[in-house]
Every structure is written in C-alpha cells, then in structure tokens.
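Data block below; observations after.
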Amino acid sequence: MDPAFEAETLHSTGIYAKHPVAFVRGEGATLWDSAGRAYIDCMAGHGVANLGHAHPAVALAVAEQARRLITCHEAFYNDQRAAALERLAHLRAGLDRVYLCNSGTEAVEAAFKFARLSTGRPGIVAAMRGFHGRTLGALSATWNKHYREPFQPLVPGFRHVAFNNIQALEETVDDHTAAVVLEVVQGEGGVHVADPAYLAAAQRIGRERGALLIIDEVQTGLGRTGKLLAVEHFDLTPDMLCLAKSIAGGIPMGAVLVGQAVGGFAPGTHGSTFGGNPLACAACVAALGAVIDDRLPEQAAEKGAYLMARLREIESPLVREVRGLGLMLGIELRRRVAPYLDALLNLGVIALPAGLTVIRLLPPLVITFPQLDSVIEALRTVLAQPIEDSDVAA
Ligand SMILES: *Cc1c(COP(=O)(O)O)cnc(C)c1O
C-alpha cells in the first residue's frame, strides 16, 4: 500500500471521498501513479489542467519567477501582474478591468460584492442546478441542497430560478436585484448547455431593470468549450465574468473581468493578500500564451465534436443522453454513475461525476486522438452491462 494513503487517511479531515490511487507525475493528458501505472486523465483536476499536466512553458515561468519574486502585495506595482492584467483585459472586448484573487469561489464572492457595491441593491438571482463555489456567499448561489443545507442560514437576498426558463427570470428579476449569475454550461449540475435565447434574455432583462449579469466561466473558460471563452458561442458580453481553474495553468488563481456598468471601486472596499501575486501572474501569462500558441480552443472544438459523435454511437440501454460543448461532455445514465467511474478507473481512465447520474469528461485539451479512442473503448466496455455497487467493491 502506498504510504500516502496512510498519512492522508490519518491526517486529513476526511472531507474528500478518495480513490485508492496516489498520482505522482503527469504529462499532457497522462498521469502516473506511485507504482508507475499510466492513466488517461479525463478529469484534469476538475477542469484545471486544460493545457495538460506539467506544461513546459508554465513550468519554466513558475520556476524562473520563484527565483525572482514570489510575493508582492497590490499596494505596489509589479511587472508580472501588469502583463497578466493586460492579457486578461483583452480576453473579451468590453471587459477591460480585472480583479485578481486565488480561486473560483473567491472570484464569485468578489463579483457579488461588486454587484452590491455598484447597484446598491441586495438581491442575487441564480439558477437551479448552478454551482458557484463553497464559501458562504458563493454557496448561497449554489443550488445543490447537499452543499447548502448543513450551513444555514446562508446569505440573505439569494433566489434560484429554473435554468433555461425566460419566464422565470421575467418574474424574478426586479428593482431589488443586484445581479443575475449564470454558467453558460452548468458543470457540476450535470453538463447542461444554456439556450442562446435564454442568455440573450438574461442580458436584456438585466439591462431593462438595472441588474448586472455575472457569467461564471470558472469551468468553461480558457478553451474548454471550443472557444477561448464560452460566452463567444453566444455573442454575450456580461457585466462581470468569473475565471479561475485553468487560467494559471494549474497554479491557484482567480479573476473577475469587469465591464463599464460596474463601479464603486473605492480603495479598501475589497482585497486579497495573495491576489495578483507575481508567481501566479507569471503562470497566468505563460498559460494564456500557451492556450493561443497551442490552438487549444480549436483543439477542444475538433476533439469535442469527435468524442461526442463517437459517444453517441455507443449503444447501451444504460445511456439516457450524451450532451455538452467542446471538451466538456456529460453522459447521463439511467443509474448512479459511481460504480461505472470505479470500473473506468480500473481500466486506467479517470472521469468524474456531475451529480449522481452523469459521467462528466473534462480531459486536458491536449488529449490525443488515440487517447480519446482508448477512452471510448473503456466506456464501451463499462457500459456494456449494468454494474452493481457490490461488483466493483469485490
Ligand atoms: C469549480 C467551480 C467554482 C469554484 O471554484 P473553486 O476554485 O473550487 O473555489 C465556481 N464556479 C464554477 C462554475 C465551478 O466549476
């Protein structure tokens, strides 16, 4: 048994359900465990490793910057932060100011605070099945009761409406609403893609009623859906756009891109000790460069279309639907997915769930076509017949 199992079991809180595998090295879409066995990664650390593991440009940038300067508070200027801000501010026309933080939930948290600051209103309207993070503000916008209920009371002023339902937005957004927050493809909630008409209506209703539109691209950002940002599929320019997961090639970093309608940023209204640190910013500059140089959005579009088509060919009575955008795919089963994920892991394929009945595939965008074929073969094998939970445990 790997010594990491014992140490982690003894000294971590138990707050994560763990698989009995210790990963020690990665390259592209391949991970190796401590026994030297290779796996195909279709999880990418929950959508972090879009560039692939140990991307050389990111590794070099981090190593060089670590020797030069790791920390520099935003009370002072820094060359790496300036470079990261310039790049982030050019991701989407109209969103040319950026707040830097360290994770997805912090980006969402900041966007909510900015929305309240800017509008003087308390309300946030979020979508059913939406996921926005686990700190108390972001959690208040997250839908899943399993995440929310043990932590009541949450932040007041939050309401949830049915996703892709324009009427529900019409009825709910009012002059107490600071912002509507949406994912363009709901990730944790089961890989549900927004209707273009729904997003257009969210933008229109917000503008008519003085509420801001926050798009949470923490999971969909940086090439994942086949565009650099998923809003490009929908010709959508929100008032704020949240990024994290992959924006610094795996180094923790979050960002909120902010449009002209958002204001009130007096010094001291918000902040973060680690936000905008030179190490993460250097990684971000390298990662954003690599996304373009390696044509990752185009790769995600091509490979996503291939994978989707091949997955839809799998004839299994277990499969209810295959859906998604780019390399963000969900296979909804008629059963709980946990034993199928365990069976895939036994075959050397790492996938993740989205809710109880959806297998979610979020591979690094550099995954190769032969690797995709192996993933499809493994899925064909595990979906050939029903698996009972007890079969896998045995
Ligand atoms: C993962 C995720 C978050 C939370 O990000 P953390 O870095 O885990 O805090 C927020 N929103 C969406 C859409 C996510 O997928």
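Taking +1 at the Cβ of each Lys and Arg and -1 at the Cβ of each Asp and Glu, which of 221, 272, 119 sits farthest along the dipole of segment 56-293 towards its positive end, judged by Cα position relative to the Cα centre?
272
Give the separation of the Cα centroids, segment 202-217 to segment 230-256, in Å.
With segment 202-217 and segment 230-256 each reduced to a Cα centre, they are spaced 17 Å.
Give the Cα extents of segment 200-262 along the principal axes, in whole Å, largest first.
So the three principal-axis extents are 39, 23, 15 Å.
Any chance you could look up the accessible area of residue 43 with a 1.4 Å probe, heavy atoms only, rounded to 10 Å²?
Ignoring ligands and nucleic acids, residue 43 comes out at about 50 Å².
Go ahead and estimate [θ] at 222 nm for the chain from helices alone: -39,500 (n - 2.57) per DSSP H run with n ≥ 4, summed, over the residue count, rounded to 500. Intermediate results must be reported in sequence, preceding the final value.
Details: 14 runs with 145 residues, N = 394.
Result for the chain: -11000 deg cm²/dmol, rounded to the nearest 500.
Subtracting the Cα-Cα distance from 0.36 nm times the residue separation, let me have the gained length for residue 86 to residue 305 in nm, one decimal. Write down the numbers at each step before the final one.
Numbers: separation 219, 0.36 × 219 = 78.84 nm, distance 3.20 nm.
Extra length from residue 86 to residue 305 when fully extended: 75.6 nm.
At a 1.4 Å probe radius, which order do 340, 306 fall into by accessible area, largest first?
The most accessible residue leads, giving 306, 340.
With only Lys, Arg, Asp and Glu charged, each at its Cβ (+1 for the first two, -1 for the last two), find how big the charge dipole of segment 56-293 is about the Cα centre; round to the nearest 20 debye.
360 debye
What share of the DSSP beta bridges in the chain is antiparallel, in percent to the nearest 5?
Counting only bridges with both partners in the chain, antiparallel ones make up about 65 percent.
Enumerate lysine pairs in the chain that are 8 or more residues apart or on different chains, then count those whose Cα atoms are under 21 Å apart. List each step's numbers first, then the result.
Numbers: 18/245; 113/245; 227/245; 227/303; 245/303.
Taking the chain as the scope, the lysine pair count is 5.
Can you tell me the relative contact order of segment 56-293? Whole percent, Cα pairs under 8 Å, sequence separation 6 or more.
Once divided by the residue count of segment 56-293, the mean separation gives 31 percent.
Below 8 Å, C-alpha to C-alpha, sequence gap of six or more: please give me the relative contact order for segment 193-312 in percent.
Numbers: 139 pairs, mean separation 31.5, N = 120.
26 percent.
I'd like the Kirkwood hydrodynamic radius of segment 1-145, using the inverse of the mean 1/r over distinct C-alpha pairs, in Å. Spell out each step's value before the answer.
On the way: mean 1/r = 0.0520 Å⁻¹.
Answer for segment 1-145: a Kirkwood hydrodynamic radius of 19.2 Å.
In nm, what is the difference between 0.36 nm times the number of residues separating residue 35 and residue 171 and their Cα-Cα distance?
On the way: separation 136, 0.36 × 136 = 48.96 nm, distance 5.66 nm.
Gain on extension, residue 35 to residue 171, equals 43.3 nm.
What Kirkwood Rh does segment 56-293 have if only Cα atoms enter the pairwise 1/r average? Answer in Å.
17.9 Å
The values are calculated or read from the model by the stated rules, or taken from the named source; none is laboratory data. Because the structure is a prediction, the values reported are computed rather than measured. Cβ atoms come from the backbone with ideal geometry, glycine included; neighbour counts cover every protein chain shown. Calculation scope for accessible area: heavy atoms of the full protein, side chains included, ligands and nucleic acids excluded. Shrake-Rupley method; radii C 1.70, N 1.55, O 1.52, S 1.80 Å.
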